[in-house]
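Written out below as structure tokens is the structure these notes cover.
Taken together, the values in this text are just the output of simple stated rules run on the coordinates, not laboratory data. Everything quoted here is computed from the prediction, not taken from an experiment. Note that we place each Cβ from the backbone using ideal geometry, even for glycine, and neighbour counts take in every protein chain shown.
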């Protein structure tokens, strides 16, 4: 497990468009998954302990913020023969086991992750209704233990976005396992 942090991506950057399938083969286009106020894009996977630790919070956050007009999409870039726990069949199992209510998509070629400049799992991006990046950082201030979380930075950013308020430009990077790039 190689620990990585997300890199700084300039706020205001236009969201790259994408077309990806879920593990059952249903095609999703980026414009179709967008909410009225924005879209949270989470590059994540099944096996990384950092991703596993925040999955329950991410699932709950997605449910909460959908009511605010912000949709969520998960994208798994770790489709790699060396990491069978992240294979599409295992994604299907996790969708059912964890109750993932948003699209959890397969980035088979890893091109979408590269276009977004994703580095780790999880790597979280929040885009406004004009498809501009307004937040790129961690979920909260304690990836490992939810009971010790004092500041929910991503939730605060989404609530501000939905309310038309300023989002802090001070954004701490997400951290997790490096994406398992195929050469």
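Taking region 1-46 as the region of interest, how many residues are assigned to a loop (DSSP other than H, G, I, E, B), under 15 Å from the mean Cα position of the chain (by Cα) and more than 28 Å from residue 163 (Cβ to Cβ)? Residues in region 1-46 being assigned to a loop (DSSP other than H, G, I, E, B), under 15 Å from the mean Cα position of the chain (by Cα) and more than 28 Å from residue 163 (Cβ to Cβ): 4 in total. Scanning region 11-33 for residues that are more than 24 Å from residue 87 (Cβ to Cβ) and free of Cβ contacts under 8 Å to residues at least 60 places away in the same chain gives 17, 31, 32. Looking only at residues in region 139-162 that are in a helix (DSSP H, G or I) and over 15 Å from the mean Cα position of the chain (by Cα), which one is surrounded by the fewest Cβ atoms within 10 Å (Cβ to Cβ)? Among residues in region 139-162 that are in a helix (DSSP H, G or I) and over 15 Å from the mean Cα position of the chain (by Cα), the one surrounded by the fewest Cβ atoms within 10 Å (Cβ to Cβ) is 147. Would you mind stating whether residue 59 is surrounded by fewer than 23 Cβ atoms within 10 Å (Cβ to Cβ), within 14 Å of the chain's Cα centre (by Cα) and at negative phi? For residue 59, the condition - surrounded by fewer than 23 Cβ atoms within 10 Å (Cβ to Cβ), within 14 Å of the chain's Cα centre (by Cα) and at negative phi - is met.
Just one of the listed residues (8, 24) is more than 16 Å from residue 116 (Cβ to Cβ) and surrounded by fewer than 17 Cβ atoms within 10 Å (Cβ to Cβ), namely 24.
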